[in-house]
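Student: One structure coming up, written as structure tokens, with questions to follow.
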Amino acid sequence: MKHPIYLDYNATTPVDPEVVKEMIPFIESFYGNPSSSYSIGRNNKEAVEKAREQVAKLINCKPEEIYFTSCATESNNLAIRGIAMANQQKGKHIITSSIEHPAVTEVCKYLSSLGWDITYLPVDKYGFVNPTDVENVIRKDTVLISIMHANNEVGTIQPIQEIGVIARQNKIVFHTDASQSVGKIETDVDKLEVDLLTIAGHKFYAPKGIGALYIRKGTQIENLMHGAGQEKGIRPGTENVIQIVGLGKACEVALRDFKQNRHNMQASRDRLLDGLISQLGNQVHVNVNLENCLSNTLSVAFENISAHALASLIGNDVLISTGSACHSGETTISSVLQAMSLDFRTATATVRISTGKHTTGEEIDFAIEVITNAVKKLSL
Ligand SMILES: Cc1ncc(COP(=O)(O)O)c(C=O)c1O
């Protein structure tokens, strides 16, 4: 058993050995520029196009609808700013939710400073956006709806398809940040009824520094960067072939092992929750509705303890994250937990535990023991 036990897979994942193997020849030998017409360039162009097909297959779109970026943050920027800029003549109103990642909210804030009007929809106590709320705030000048697929902190899965239908009926472009859902739950762009979807490689066993944006054919978008014509001019710059190859392989593996991974992640998350409840009883408070939650994610508060104290006490043995930040002695609750109206005590007692596809029962049993002992110690 590896030590410490890593249970923070929503923060990032290790790179899958199969992905590493696929990337190595491109690190060591295949250095050609995909735009070059001679063979080492053409071969790398083929590698990029193969990866595009692998990504497209995972989310059920056409390869030409995939644009490689450097990360989910860039994909979200391209999606939101790109759609906003391309549709200025139609209107300047954007709808989003109050539980988005900063890679969405900060883009919206920036657009707001330039004159766009942003509606931040509330969520219920489990973090769900109500599709009727979306419908109610649509205006004539609404050009974009951006609602995340699954939340990074609490795992809540949004009713994306229902919102997608509403967006389509009202002829409004619909983007979803699927950074946390790709590879964990089904992310079929047609079933979800989305026009743009953000992919983050390092959340599902590709390396950090690679992402993609799905853009449905026919969607008008402005590019953020200007340069040569790579990625059809939407995202110019010499392709990051090594990372793109890694992302492609990670998508292939995610699709191939989907059922097995989902089962493993859920089995370890459920074993963890059952173990904690059996040891700590009603001191354990689950913040979400597990029926509609990522199967690897557990947002849980341990009554009467500080999550920070817990995370640091167990930090040599088990790695988890907290729902609040502590700076210069002041505790601030995450905007997600605030939007879910969690009271201060519960929010500051909240940790996020997220399992991975290779998390074992042995690791979970060890984590249960370590967390239980620490919670008991902190409760004294
Ligand atoms: C939902 C969500 N969106 C966007 C991001 C940003 O990802 P990156 O830092 O790789 O750009 C993250 C990362 O945690 C995320 O969880």
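Student: Out of Gly32, Gly91, which single residue is over 30 Å from Arg139 (Cβ atoms) and of a type outside the set (A, V, I, L, M, F, W, C)?
Tutor: Gly32
Student: Among the residues of the range 315-326, is there at least one that is free of Cβ contacts under 8 Å to residues at least 12 places away in the same chain, surrounded by fewer than 16 Cβ atoms within 10 Å (Cβ to Cβ) and over 30 Å from Ile160 (Cβ atoms)?
Tutor: Within the range 315-326, none of the residues are free of Cβ contacts under 8 Å to residues at least 12 places away in the same chain, surrounded by fewer than 16 Cβ atoms within 10 Å (Cβ to Cβ) and over 30 Å from Ile160 (Cβ atoms).
Student: Also, quick follow-up: When the residues of the range 129-154 are narrowed to those that are in a strand (DSSP E or B) and among the β-branched types (Val, Ile, Thr), which ends up farthest from Ala86 (Cα to Cα)?
Tutor: Ile145
Student: If you don't mind, there's one more thing I want to ask. Just wondering, is there one or more residues in the range 107-126 that are under 18 Å from the mean Cα position of the chain (by Cα), in a loop (DSSP other than H, G, I, E, B) and within 14 Å of the ligand (Cβ to nearest atom)?
Tutor: no
Student: A further question follows. Given the options Gly91, Gly41, name the one that is assigned to a loop (DSSP other than H, G, I, E, B), surrounded by fewer than 22 Cβ atoms within 10 Å (Cβ to Cβ) and either of a type in the set (Gly, Ala, Ser) or within 16 Å of the ligand (Cβ to nearest atom) (or both).
Tutor: Every option except Gly91 fails the conditions.
Student: Yes or no: the range 257-269 includes at least one residue that is touching a residue at least 24 places away in the same chain (Cβ under 8 Å), touching a strand residue (DSSP E or B) at 6+ places or on another chain (Cβ under 7 Å) and closer than 17 Å to Val351 by Cβ.
Tutor: yes
Student: Okay, next question. Anything in the range 220-241 that is surrounded by fewer than 22 Cβ atoms within 10 Å (Cβ to Cβ), at negative phi and not in a loop (DSSP other than H, G, I, E, B)? List them, or say none.
Tutor: Answer for the range 220-241, where residues must be surrounded by fewer than 22 Cβ atoms within 10 Å (Cβ to Cβ), at negative phi and not in a loop (DSSP other than H, G, I, E, B): just Gln230.
Student: Pick out the one residue from Ala72, Ala178 that is farther than 25 Å from Leu342 by Cα and within 16 Å of the ligand (Cβ to nearest atom).
Tutor: Criteria check complete, one pass: Ala72.
Student: Are there any pairs, at least 6 apart or on different chains, whose C-beta atoms fall under 8 Å, with the first in the range 285-308 and on the phi > 0 side of the Ramachandran plot and the second in a loop (DSSP other than H, G, I, E, B) and of a type in the set (Gly, Ala, Ser), and if so, which?
Tutor: Here the result reads Asn304/Ala349, each pair linking the range 285-308 to a residue that is in a loop (DSSP other than H, G, I, E, B) and of a type in the set (Gly, Ala, Ser).
Student: Just to confirm my filter: which helices (runs of 4 or more DSSP H) fall fully inside the range 251-357 and include at least 2 residues that are under 20 Å from Pro14 (Cβ atoms)?
Tutor: By residue number, 258-280.
Student: Let me ask something else about it. For Gly281, state whether it is surrounded by fewer than 23 Cβ atoms within 10 Å (Cβ to Cβ) and touching a Phe, Trp or Tyr at 6+ places or on another chain (Cβ under 6 Å).
Tutor: no
Student: Identify, from the list Ser70, Ser75, Ser97, Ser35, the residue that is of a type in the set (Gly, Ala, Ser), out of contact with any strand residue (DSSP E or B) (no Cβ under 7 Å at 6 or more places or on another chain), in contact (Cβ under 8 Å) with a residue 40 or more places away in the chain and under 22 Å from Leu213 (Cα atoms).
Tutor: Ser35
Student: Pick from Glu100, Glu22: which is away from the ligand (no atom under 15 Å from the Cβ), among the acidic types (Asp, Glu) and assigned by TED's automatic domain parsing to the domain that holds Lys203?
Tutor: Answer to the selection: Glu22.
Student: Related question: Within the range 188-208, track down each residue that is in a loop (DSSP other than H, G, I, E, B) and either within 13 Å of the ligand (Cβ to nearest atom) or surrounded by fewer than 24 Cβ atoms within 10 Å (Cβ to Cβ) (or both).
Tutor: Residues satisfying the conditions are Asp188, Glu193, Phe204, Ala206, Pro207, Lys208.
The values are calculated or read from the model by the stated rules, or taken from the named source; none is laboratory data. Everything quoted here is computed from the prediction, not taken from an experiment. Glycine also receives a Cβ, built like all others from the backbone with ideal geometry; neighbour counts cover every protein chain displayed.
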